[in-house]
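Since every read-out is calculated from the coordinates, none of them should be taken as a lab result. Nothing here was measured: the structure is a model prediction, and the numbers come from that model. Cβ placement follows ideal geometry from the backbone for every residue including glycine, while neighbour counts extend to all protein chains displayed.
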Amino acid sequence: MPATSSLARGPGRPPDPRKRAAIIEAAMKLFLKDGFGMVSMEAVAAAASVSKMTLYKYFPDKEALLEECVKHITIGMVDQLFRTQAAGGTLAEGLCALGRAFLGLVCRAETVAAERSLPISLVSNPQLAKRFYDAGPARMLQSVADTLSNAHARGELLVEDPMEAADDLLALWKGDLQKRMTLGLEKPPSAQQIAERIRRKTATFLRAYRR
């Protein structure tokens, strides 16, 4: 049986954040490359250069590891928004920074491949699907909604329902681009094309929601 999670770990050597980071990085690469269903915990341990016992000390099962990977990626994208705003950037600049990170991930060849295979694992496991959604899409949606709500409070935007507005913005950014890529109808856009698309879509959104 796998060891319990780090929260239930008794006295002993404290967790090493570097090992934890290495495990998450290795798992992300394997999940994107081979698909969630084809990746074993043994493969993750080998790729992270840790023992299987060490891996289970941090993550009790593969589902928990996927959840943490999704959360890690989402937090990294949202940080782009926060860093831009903290540096004095405008609302548009902050949203564009987030949009570039978001669309850059969506349009990666590995992400497109995962988009083809991952739904099979999620549909057959509703609990895992909920954990995946809460760790990624829901977290992203809430972060954008909070940003738009703050902009409304400052008088920059007129946003009656921040969650609906956030959904509008994410839909504008993504469109059916990933779907066309998933079907093999379009190649991944360049960084310049992503930046231009995000600039145009964000401008369209802000025109619609300006006071």
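Which residue fluctuates the most in the chain, going by a Gaussian network model with Cα springs under 10 Å, if the choices are Arg139, Arg199, Arg180?
Arg180
What is the sum of charges, Lys and Arg at +1 and Asp and Glu at -1, for the other residues whose Cβ falls under 9 Å from the Cβ of Met41?
So the environment of Met41 carries a net charge of 0.
Spelling out what I want: for every residue of region 109-121, take phi, set θ = phi - 60°, compute 6.51 cos²θ - 1.76 cosθ + 1.60 (Karplus), and round to whole Hz; glycine and proline get x.
4, 5, 5, 4, 5, 5, 4, 7, 9, 4, x, 4, 5
Take the cross-link list Lys57/Lys130; Lys179/Lys201; Lys33/Lys57 and give me the ones stretching past 21 Å between alpha-carbons.
Lys57/Lys130; Lys33/Lys57
Rg/Rh for region 94-211 to two decimals, with Rh computed the Kirkwood way over all alpha-carbon pairs.
With Rg and the Kirkwood Rh in hand, the quotient comes to 1.00.
Please list 3J(HN,Hα) in residue order for region 48-63, calculated via the Karplus relation 6.51 cos²θ - 1.76 cosθ + 1.60 where θ = phi - 60°; whole Hz, with x for glycine and proline.
Karplus values, whole Hz, x for Gly and Pro: 8, 6, 10, 6, 4, 4, 5, 4, 5, 5, 8, 9, x, 7, 5, 5.
With 10 Å bins from zero, work out the P(r) of region 13-123 over every alpha carbon pair and list the percent per bin.
It works out to 14, 38, 29, 16, 3, in whole percents.
Which trypsin sites (Lys or Arg not before Pro) in region 19-121 pass both tests, a DSSP loop state and at most 16 other beta-carbon atoms within 10 Å?
Answer by residue number: Arg108.
Mind checking the angle between helix 162-174 and the chain's longest principal axis? C-alpha axes, 0 to 90 degrees, to the nearest 10.
80 degrees
Translational diffusion coefficient of the chain at 25 °C, 0.890 mPa s, Stokes-Einstein with Kirkwood Rh over Cα pairs, in µm²/s as a whole number.
131 µm²/s
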